[in-house]
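Enquirer: Below is a structure I'd like to ask you about.
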Amino acid sequence: MAGDEIKDMHVAIVGAGIVGLALAMGLHKKGVPFTVYEAASGYSTVGAGIGFGPNGDLALSMIEEGFLSHYERVCVGHKPPAPQNIYYEGLLLEDGLGLKESWYGNSSWGHPDYIRRAAHRNAVLQIMTSFIPIEKVRFSKRLTDVEQLPDKVVLTFADGEVAEASVMIGADGIKSVVREHILKPSHPNQVDPVYADSYCYRGVISIAEAKEILGDLTDVAKMYLGDHRCCVTYLISGGAELNFLLCVADDKPWELKNAVSQKVSYETMMADFKGRGVDDRFFRLLSKANPIKWGLFHHRDTSTYYRGRVALVGDSAHASLPFQAAGAGQGLEDALVLSNVLAEIFNAPKKDEPLEAYISAGFAGYDSVRRPRAQRQHERAQEMALMLYFQHPETGASMEKVLNQLQNGWFDWLWFRDLNADIQTAVRGVHEVINT
Ligand SMILES: Cc1cc2nc3c(=O)[nH]c(=O)nc-3n(C[C@H](O)[C@H](O)[C@H](O)COP(=O)(O)OP(=O)(O)OC[C@H]3O[C@@H](n4cnc5c(N)ncnc54)[C@H](O)[C@@H]3O)c2cc1C
């Protein structure tokens with residue numbers, strides 16, 4: 001049972017997506033008592049490809065060193081013999097793809113120290129859940145209400161159950177109940193996700209189908225750039241499938257009030273790319289997508305990741321555009337830093353002391369390390385979208401200018417981070433409380 005002394009500390013994690021699971025892995029590894037509450041009746045089985053970048057891979061391996069050896073078995077980069085340290089190769093969406101342009105042959109970006117890898121989301125989730133005892137996860141528990149009392153957090157679920165915890169972490173994704181609890185009193189206009197003026201159509205097809213359309217272009221992950229339209233393709237499922245997104249820069253508001261996806265007719269979907277000089281191959285690819293518009297939403301401003309005994313991780317804290325493929329990676333960093341902060345509190349020597357001062361110092365440290373960095377990723381993802389859509393004020397419709405940005409350290413700050421130093425900074429306040 002949760003209590004207000006260090007020895008009775010119990011953490012409630014709301015949401016069993018990638019980030020909630022990463023936090024659960026971290027707490028389990030460090031012996032901190034926790035329960036995960038997930039609205040769905042089982043672990044998620046939806047989703048397509050995902051890759052975490054070197055920082056996300058590092059965070060996961062620091063959370064659980066056993067993770068990477070399993071992960072590497074389900075990952076794929078490019079088809080050999082293509083160099084695996086290419087992140088993406090850029091081409092054009094327009095007819096001919098730019099294969100005759102002077103930059104062709106020198107239009108990839110990446111880093112010599114990063115081997116690209118991506119996997120099917122399901123495969124990643126299966127590995128993560130294998131590290132978490134199932135009895136610590138409660139399914140069909142949709143959080144509807146949060147109350148903070150001086151010595152505990154009270155969680156109320158849609159089925160009427162009430163639970164208590166010493167601290168609660170919201171990993172409940174972009175439409176987060178926990179975010180509302182934290183931000184509504186001080187920053188009500190920051191609660192709801194904002195339409196990021198972009199939507200996409202998605203699909204996963206067999207490599208045989210993909211080759212029939214794109215031939216050897218499938219061998220290396222690609223970003224196809226164009227005027228208000230772009231496309232991303234990469235291999236998943238050990239190279240047996242191609243994951244693709246066809247994206248639209250939108251100049252209209254999102255129509256639906258309470259849904260981030262909208263079923264449209266096949267004709268509407270196809271018409272979205274017509275009359276723009278788009279290469280025929282993309283129409284064939286698009287015809288394989290589900291005719292569902294996935295609105296891309298983000299949290300533009302977030303003034304704090306915590307209030308009292310409650311904090312945010314993952315998309316509930318910093319949902320962003322997906323064009324740097326870095327949202328989950330940032331969530332994994334949250335999970336790494338926060339699991340260390342919570343473990344530091346749980347392992348503090350004076351077991352009978354009340355938790356409040358420790359939590360307050362720990363969450364302040366977590367927020368100070370994670371929020372500026374995740375916010376920077378958020379802003380850069382917006383810039384990246386503008387570059388891919390040829391709308392960026394500095395790079396415009398010039399492939400050379402875009403490449404000049406992406407090939408010259410654009411990702412370095414994001415990918416290569418001293419995560420140990422982040423942990424040390426975040427736990428400093430807890431140490432001060434321990435030493436007073
Ligand atoms: C098209 C696309 C491609 C992407 N590609 C990449 C990529 O390659 N690399 C990358 O790093 N990122 C990528 N991202 C971003 C990444 O998918 C997200 O950042 C990440 O999945 C967020 O994980 P999360 O656990 O925070 O949230 P979610 O995955 O949304 O999980 C939230 C969980 O909380 C549960 N929940 C919600 N409300 C409640 C409630 N009230 N009570 C209980 N449970 C609740 C949900 O059921 C769900 O299980 C991409 C995003 C998109 C849209």
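The values are calculated or read from the model by the stated rules, or taken from the named source; none is laboratory data. All figures in this text were calculated on a predicted structure; none of them were measured in a lab. Here Cβ is always computed from backbone atoms with ideal geometry, including for glycine, and neighbour counts include all displayed protein chains. When the accessible area is computed, the model is the full protein with side chains, heavy atoms only, and any ligands, DNA or RNA have been set aside. Shrake-Rupley method; radii C 1.70, N 1.55, O 1.52, S 1.80 Å.
Enquirer: Which residue out of Pro349, Pro291 is touching a strand residue (DSSP E or B) at 6+ places or on another chain (Cβ under 7 Å) and surrounded by fewer than 21 Cβ atoms within 10 Å (Cβ to Cβ)? Steps first, answer last, please.
Expert: On the way: Pro349 fails: touching a strand residue (DSSP E or B) at 6+ places or on another chain (Cβ under 7 Å).
Unique residue meeting the criteria: Pro291.
Enquirer: Quick one: which residue in Ser186, Ser198 is among the polar types (S, T, N, Q), surrounded by 19 or more Cβ atoms within 10 Å (Cβ to Cβ) and in contact (Cβ under 8 Å) with a residue 60 or more places away in the chain? If you could, list the steps in order and put the result at the bottom.
Expert: On the way: Ser186 fails: surrounded by 19 or more Cβ atoms within 10 Å (Cβ to Cβ).
From the options Ser186, Ser198, the qualifying one is Ser198.
Enquirer: Among the numbered criteria (1) closer than 30 Å to Arg229 by Cβ; (2) in contact (Cβ under 8 Å) with a residue 40 or more places away in the chain; (3) away from the ligand (no atom under 13 Å from the Cβ), which single criterion is violated by Asn85?
Expert: Failing condition for Asn85: (2).
Enquirer: Still on this structure, I have one more. Return the residue satisfying two criteria in turn: it lies in the range 38-57 and is aliphatic (A, V, I, L, M) and more than 7 Å from the ligand (Cβ to nearest atom), and of such residues it is modelled with the highest pLDDT. I'd like the intermediate steps shown before the answer.
Expert: Here is the first cut: in the range 38-57, the residues aliphatic (A, V, I, L, M) are 39-40, 46, 48, 50.
Adding the requirement that they be more than 7 Å from the ligand (Cβ to nearest atom) leaves 46, 48.
Details: Val46: 69, Ala48: 75.
Filtering first and then ranking leaves Ala48.
Enquirer: Still on this structure, please answer the following. Name the single residue, out of those in the range 313-334 being open to solvent by less than 10 Å² (accessible area, probe 1.4 Å) and under 9 Å from the mean Cα position of the chain (by Cα), that is nearest to Val14 (Cα to Cα).
Expert: Gly314
Enquirer: Cβ-Cβ distance below 6 Å, separation of 6 or more or different chains: which pairs start in the range 27-50 with a residue that is on the phi < 0 side of the Ramachandran plot and end on one that is at pLDDT below 95 and near the ligand (Cβ under 7 Å from one of its atoms)?
Expert: Once the first residue is on the phi < 0 side of the Ramachandran plot and sits in the range 27-50, its partners that are at pLDDT below 95 and near the ligand (Cβ under 7 Å from one of its atoms) give Gly49/Ala118.
Enquirer: Scan (1) assigned to a strand (DSSP E or B); (2) under 21 Å from Gly90 (Cβ atoms) for the single condition Ile213 breaks and write down its number.
Expert: (1)
Enquirer: So, one more: Anything in the range 243-278 that is of a type in the set (D, E, K, R) and open to solvent by 50 Å² or more (accessible area, probe 1.4 Å)? List them, or say none. Please lay out each step first, then the result.
Expert: Taking the range 243-278 first, the residues of a type in the set (D, E, K, R) are 250-252, 255, 257, 263, 267, 272, 274, 276.
Residues satisfying the conditions are Asp251, Lys252, Glu255, Lys257, Lys263, Glu267, Lys274, Arg276.
Enquirer: Right, next: Out of the residues in the range 159-181 that are open to solvent by 70 Å² or more (accessible area, probe 1.4 Å) and within 27 Å of the chain's Cα centre (by Cα), state the one that is modelled with the highest pLDDT. Show your work before the answer.
Expert: The initial filter retains those residues of the range 159-181 that are open to solvent by 70 Å² or more (accessible area, probe 1.4 Å), namely 159, 162, 175, 180.
Those still in the list that are within 27 Å of the chain's Cα centre (by Cα) too: 175, 180.
Values: Lys175: 94, Glu180: 98.
Only one residue tops the list, namely Glu180.
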